[in-house]
Amino acid sequence: MMKRIFVALCAIAVALAFNSCEVDDDSPNFHFVSLPIESVDMPESFDLDETYQINLTYTIPDGCTYFEGFDVTKSDVTTREVVAIGSQRTDQDACTPTVREAEGSFDFIVIHTEPYLFRFYQGDDENGDPIFLEIEVPVN
């Protein structure tokens, strides 16, 4: 009998705990943005089957934007487009307008013998078209 009462009280406590975890607003408080890549430190050449750390400097536009990582997309056999991704909060009324540079890196494994073309996103031109810094790296 005591065991049944204890189990019933535990079930009620759990139900009340989960009931108090409601979220008032279903809309997200951020959206993803592309961050301009300012500079890249690349090797002069690659060796097949080796891993290289690619170091980048990117710009964060304000105090409501946070770096999330790099999106490296294969657009051809040996062509890679690299974009720095940030999340920008939408629930802030005033963001500090402080533009700051930050550094990051990603690892890249060389699996082809042809030269690699990297296209690093640097922002948009006056027409809204993306601008890329292109660097070609031969494979030894």
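Values as computed for the structure displayed
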quantity: Qualifying positions in region 53-86 - touching a residue at least 12 places away in the same chain (Cβ under 8 Å), among the hydroxyl-bearing types (Ser, Thr, Tyr) and surrounded by fewer than 17 Cβ atoms within 10 Å (Cβ to Cβ); calculated: Thr57, Tyr66, Ser75, Thr79
quantity: Check on Glu136, part of a strand (DSSP E or B), more than 23 Å from Phe67 (Cβ to Cβ), free of Cβ contacts under 8 Å to residues at least 24 places away in the same chain and open to solvent by 80 Å² or more (accessible area, probe 1.4 Å); calculated: yes
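The values are calculated or read from the model by the stated rules, or taken from the named source; none is laboratory data. Quick caveat: nothing in here was measured; it's all calculated off a predicted structure. Note that we place each Cβ from the backbone using ideal geometry, even for glycine, and neighbour counts take in every protein chain shown. All accessible areas refer to the heavy atoms of the entire protein, side chains included, with ligands and DNA or RNA removed. Shrake-Rupley method; radii C 1.70, N 1.55, O 1.52, S 1.80 Å.
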